[in-house]
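Worksheet for the structure shown next.
The values are calculated or read from the model by the stated rules, or taken from the named source; none is laboratory data. Treat the numbers as computed from the prediction; the structure is a model and nothing was measured. All Cβ positions, glycine included, derive from the backbone under ideal geometry; neighbour counts span all protein chains shown. Keep in mind that these areas ignore ligands, DNA and RNA; they rest on the heavy atoms of the full protein, side chains included. Shrake-Rupley method; radii C 1.70, N 1.55, O 1.52, S 1.80 Å.
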Amino acid sequence: MTTSSRARNQPLDHDSSQGETAERERTRKVLLTTVCRPLGVRHGDSPSVGYELLYEQVTRAQGLFSPRSHHIQFSLEYIAENLEAPTGVLHYPSRRELIRELRRGYAVVGVSFVLATYHRMKEVVALIREHSPHSQIVLGGYGTVAPNELLLPYCDHICREEGVAFMRRLLGEPEIRMPYRHPLIINPLRVFGKETSRTGIVFGGLGCPNGCDFCCTSHFFKRKHIRLLPTGADIYHVVERYLEVDPKLSILIIDEDFLLNRRRAMEFRDCVRRGGRPLSVFVFASIKALSQYTVTEILEMGIDGMWIGYEGTRSGYAKQSGRPVEEVFREYREYGITILASMIVGFPYQTPAIIEEELTDLLALRPVFTQFLIYGPCPGTPFYDQVVSEGTLLPSVAKDPELFYRRGTGFHAMVRHVSMTPEDIETAQAHCFEEDFRRLGPSLYRSVDRWLDGYLKLHESPNAFLRLQAGRIAVDLRTAYPIFLAGRLLGPTADVRRWIGQLQKRLHAVLGKPTWVERLQSIGALGLAAWTGLTLKLGLFQHPPLVRHTLRMPDSATGRAWRNFVSADSTGLSIRVEHRPAATVWVHLKGRLSSTVATQFVADLRAALARKDDRVVLNMANVDDLKHDAADVLSTGLGSYRDRIRIILPVVGEFTGLAAIFPLYR
């Protein structure tokens, strides 16, 4: 998705005649894949290269206290959802898993990578050429900012634009207009190895008009903002689809500066208010954008978290104009809004003393999360053009492009500085991460502290919607009770451990003492925390399993437990199963559903759920004849699995009344 075009070959040839052969269908198949696992410093990669954002780039000094979340390559799922060709998607396959998939036969294989995984991309391409030599190879992702001479030896096509339009054009499929079909991608978050929440990913847009001189994502799209979801109503419609799957989901809107377009954001706010459901939404924002809103307007969008580029107090970027940053942070803290603040180390004006001063000022604002990256040049950005023209790249990377790419992670100094050595800059960066953890403590407890501030501010608000938000916060606060024992015993300093104990007392005074179950859970959480620390120290269980997802594949492998469902019943009911990310299975029903068929379907579904831990979305939107007795069979038969099943009912005509008698409906 985050790619742009330069195709060396013409669009693939397609046979549009009726009765297309199975072999012809096979040759239209598309595979989209990431680079192969294992990734990480232990496997020859630079720092921050891996599967996670928080643990690798934000809470990297917090060890066992770091929230963990493996991120799939969202763009591949988005592109796959919007093609017509049979498509498979692999996230972090092993070499063996990739080879096995390639042997299924694909006409086109797309490989997504970033500059820091350029060397990994070459390994994937070598496997494709060995095991699927007839496949055409497409390179995409932000790694394609590398010059053609370093990419063309490894591909047939390079995608350097919005990826859906590029791939459809390559495959000879007709152009479609935005908003595109939006996949539902749910990302779980784990604390001490246990899943604590799940987040639905909403793709609002690509690119950013702010044009900071170091920003690859802004200049990749020529400082243009591509609105994948053009209106606030479009965004809210996707949010509603996620809440149909799981009403407890948090929402992440991926859009470089979501609040910059006030008209779209306020339309989203109007939809949220009309919907009447409290949300938990995280966005990316700038001080410039935030200065257009009151804090009430932000809260009425359901926004309770945001990423703000603090950068540096003298960096002078246009996005930092507007209200004083101290004022924004203080007000948002009072209203319970979580802030992830990013700071840059290595600006030309900085010295070790100035970095320490800016760090102290930032930590005084008490952000919940912080990121510290080294000021680095990415090809395609003004800063890169500047350092190349001035000849200030360090000799080691100037003469070796592949080393330059591998080190382009934000954790290596690669430019000559006026007053600091590369070692000075890298040491200062590590110091910032360590001091953030030492002075403010684990972000887990900073989050709870912020939620508590928000609850106290909002629970008696005259604004009814904000009181609903306070109710949601209270639920989250209660689920945090078990984490305190681990923090009181294992926190980084005596002062932090004392502060965690005081926070626990404040929370209990507001929401009540823990139950005996919560006390037992605290002991269990302490054990899980110790185990998490051990696995980190030994490097155990740090790599995700393969995530494989197929769309429009007639021979899709859905797993033995689900194969009974892929059928067309003689009574007129067809059933199709799709595996989605985050262990979610969509079961699509189409046609007539009688009580007899429903009885057999319930038996098969219960058997599958007993064997697998998957969550199920039962999509009945295309059921055109649903009787009350069939609904009763489903309701009674699946009631014991209601926590793992979400049902999408047809919302037309007589079917609307069935929701009232169907307890599984969300």
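Which parts of the range 68-86 would a label at Arg181 reach, counting a residue when its backbone N lies under 20 Å from a point 7 Å out along Cα-to-Cβ? Only 73-86 fall inside the zone, counting backbone N under 20 Å.
For the chain, what is the charge dipole size about the Cα centre, in debye to the nearest 20, if Lys and Arg each add +1 at the Cβ and Asp and Glu each add -1 at the Cβ?
Values: 83 positive and 72 negative charges, 284 e Å.
Charge dipole of the chain: 1360 debye, to the nearest 20.
Across the chain, C-alpha contacts under 8 Å between residues 6 or more apart give a mean separation that, scaled by the residue count, equals a relative contact order of 13 percent. Remark on Gly312: its backbone amide H falls under 5 Å from those of Ile344, a criterion applied only to residues 5 or more positions apart or on other chains, H modelled at 1.01 Å from N. Take the Cα of Arg497, step 7 Å along the line toward its Cβ, and report every residue of the range 65-86 whose backbone nitrogen sits under 17 Å from that point. Hits in the range 65-86 for Arg497 at 17 Å: 65.
Short version: what are the Cα gyration tensor semi-axes of the range 296-439, square root of 5 times each eigenvalue, largest first, in whole Å? Numbers along the way, then the final one.
Working: eigenvalues 191, 55, 37 Å².
Three semi-axes, in Å: 31, 17, 14.
Rounded to the nearest 500 deg cm²/dmol, what is the calculated helix-only ellipticity per residue at 222 nm for the chain, with -39500 (n - 2.57) per DSSP H run of length n ≥ 4?
On the way: 24 runs with 260 residues, N = 666.
Taking each H run of at least 4 residues, the total per residue is -12000 deg cm²/dmol.
A Förster radius of 45 Å combined with the Cβ-Cβ distance from Val517 to Ala607 puts the calculated FRET efficiency at roughly 0.90. Of all DSSP beta bridges in the chain, what percent run antiparallel (nearest 5)? Restricted to the chain, the bridges split so that about 35 percent are antiparallel.
Taking Cβ separations below 4.7 Å as the criterion for a possible disulfide partner, the isolated cysteines in the chain are Cys36, Cys155, Cys159, Cys208, Cys271, Cys432.
Can you check what the net charge comes to around Glu52, using other residues whose Cβ is under 12 Å from the Cβ of Glu52 (Lys, Arg +1; Asp, Glu -1)?
Values: positive: Arg60, Arg68, Arg190; negative: Glu56.
Within the 12 Å Cβ shell, the charges total +2.
Grab the beta carbon distance between Glu331 and Arg129, set R0 = 56 Å, and tell me the FRET efficiency rounded to 0.05.
Numbers: r = 56 Å, r/R0 = 1.01.
Once rounded, the FRET efficiency stands at 0.50.
Could you please state, rounded to a whole Å, how far the C-alpha centre of the range 391-424 is from the C-alpha centre of the range 230-275? That distance is 40 Å.
Considering the range 163-312 at the alpha-carbon level, its Rg and Dmax are found to be 16.2, 48 Å. Around the amide H of Ile647, modelled in the peptide plane, lie the amide H atoms of Leu618, Arg666, all under 5 Å away and 5 or more residues distant in sequence or on another chain. In this calculation the C-beta distance from Leu546 to Thr296 is compared with R0 = 51 Å, giving a FRET efficiency of 0.65.
Quick check: at a probe of 1.4 Å, how many percent of the accessible area of the range 238-389 sits on carbon and sulfur atoms? Working shown, then result.
Values: 2690 of 5370 Å².
Ligands and nucleic acids excluded, carbon and sulfur reach 50 percent.
Using the Cβ of Leu489 as centre and a radius below 15 Å, the other residues enclosed give a net charge of +3, where K and R count +1 and D and E count -1.
Using the C-alpha atoms of the range 95-210, what convex hull volume per residue, in cubic angstrom, is computed? Walk me through the intermediate numbers first.
Numbers: hull volume 21.3 nm³, N = 116.
Considering the Cα atoms of the range 95-210, their hull volume per residue is 183 Å³.
Placing pseudo-labels 7 Å out from each Cα toward the beta carbon at Ala530 and Arg642 gives an inter-label distance of 3.9 nm. Measuring against 24 Å, Cα to Cα, the residue pairs Lys122/Lys399; Lys248/Lys288; Lys194/Lys537; Lys122/Lys194; Lys122/Lys537 contain Lys248/Lys288; Lys122/Lys194; Lys122/Lys537 as the ones spanning a longer distance.
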